[in-house]
Every structure is written in structure tokens, then in C-alpha cells.
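The structure appears right after this line, and notes come after that.
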Amino acid sequence: MGRNLKNVRNNVLLCLNNDTIGDEELKVKIDKLDDKVQQMLLWSTICAVWSYMFLILAIARVYSSFKGDHTILLVSSLVLMYVLMGVLIYFVWKGITFKSSYFNSVSRAYLSNQIQKLSGQRKLVSYYLLEYGLLLAVASLFFFLDIKNGVSYMLKLTAPVSIITYGLGLYFIANFTRQMKALDLVQRQLNKLHVSPVNQN
């Protein structure tokens, strides 16, 4: 029993010490996969930013049709927030470092890298939802001040899109969090296996 346990620990340590994969073709495939995921996140960011621009135009059009008194101020405020949040979202996207995943599947470095990616993706989705919420909050304030029953109009205008946006956003955040917890559990188990033989020496 003790001998089998020692063999298992030695095999795990061998995997931990041998992080790089020797197959060059496999390295290229994994590198392309990392690039593909990064590009998918870039396109999701671009789509989110464009959808916010259409939201601003729709809000401005409805507001002016109700003869709102501060159309220029409303549009200027929303565009300023749009630009600031767009820059923030871009830097969050850039901050999701996609280090080459040239690791064995049981590697602590590999797991740490995957957890970092999931954390960045969760933050990105959170900022999508934050920007959407801020745009609606500022627009609702203008509707409340300048238009009778303005908030109810805003809710009717944006309710279907808001439900879909927040439903999908919260689903992805929950999914990323669940994956992070699962990987973190595996990482802690590997850390225990790595530390135990060291303590015995």
C-alpha cells in the first residue's frame, strides 16, 4: 500500500516537473486554440459595444419623440459613459493573458492559467452588464425628470432586451464561477500531493 502511494506521488511529481509538451505539432494546435478563444472574446466585446451604441440611439430617439428638454445632454452623457466603459472593457479584454497552454493536463501551472482565463472572462461579462445597467440608469433619470411616466416608458422599451441580456450574462458568470471552483479544487489537491513528499523528506 505504502509502495503504491509512493509510486503515485512520484508519477504526479514527474508530471509537475515536466510541464512542457514535446510534440511541436500539438503546441501549434493548442496555440491556435488559445488565439481562437481570444478572438471570440474580442468579437463578443465588439458586438457588446456596438449593441450599446444602438441602445443609445434608440433611447435618444424615443426621448426626443416625447419632447424631452435635454436631448443633447442625455446623448452626451450616454456617449461619454459609453466611451469610458468601452475603454475599460478593452483593457479588461487585453488583460486576459492567454499564455501558451503548453502544459500537461495535471499540471499546477496549467490549472492556474485556466483559472486566470475564467476569472478574466467572468470580469468581462460583469463589465458588459455594468455598462448596460449604467446606460439604463442615466437614461431613466432623464426620462423621470423630463417626461411624465418616463420611467415606465423606459421599462417597456428596454424590458425584453434587459431580460435576455442579464439572463445570459448571469448564466455565463455562474458557469465560469462553477468551472473556476472545480479547477481550484483540483489545484488544491495537486498542491497537497506535491507538498506531502517534501514534508516527509
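The values are calculated or read from the model by the stated rules, or taken from the named source; none is laboratory data. Remember, it's a predicted structure, so these values are computed and weren't measured experimentally. Glycine also receives a Cβ, built like all others from the backbone with ideal geometry; neighbour counts cover every protein chain displayed. We work out accessible area using only protein heavy atoms, side chains counted, and drop any ligands, DNA or RNA first. Shrake-Rupley method; radii C 1.70, N 1.55, O 1.52, S 1.80 Å.
For the stretch 175-188, a residue qualifies if it is without any contact (Cβ under 8 Å) to a residue 12 or more places away in the chain, open to solvent by 60 Å² or more (accessible area, probe 1.4 Å) and under 17 Å from the mean Cα position of the chain (by Cα), and the qualifying residues are 178, 181. The requirement of being open to solvent by less than 30 Å² (accessible area, probe 1.4 Å) and over 26 Å from residue 180 (Cβ atoms) is not satisfied by residue 120. Across the stretch 52-92, what is the number of residues that are hydroxyl-bearing (Ser, Thr, Tyr) and under 22 Å from residue 123 (Cα atoms)? Looking only at that region, the number is 3. Taking the stretch 46-55 as the range and being buried (at least 19 other Cβ atoms within 10 Å of the Cβ) and modelled with pLDDT of 85 or more as the test, the residues that pass are 52, 55.
Selection over the stretch 128-174 of residues that are in contact (Cβ under 8 Å) with a residue 24 or more places away in the chain, of a type in the set (Phe, Trp, Tyr) and surrounded by fewer than 16 Cβ atoms within 10 Å (Cβ to Cβ) gives a count of 1. In this structure, residue 107 qualifies as hydroxyl-bearing (Ser, Thr, Tyr), crowded, with 17+ Cβ neighbours inside 10 Å and either at pLDDT below 85 or touching a helix residue (DSSP H, G or I) at 6+ places or on another chain (Cβ under 6 Å) (or both).
Would you point out the residue of the stretch 56-84, among those that are of a type in the set (Val, Ile, Thr) and out of contact with any helix residue (DSSP H, G or I) (no Cβ under 7 Å at 6 or more places or on another chain), that is surrounded by the most Cβ atoms within 10 Å (Cβ to Cβ)? It comes out as 83.
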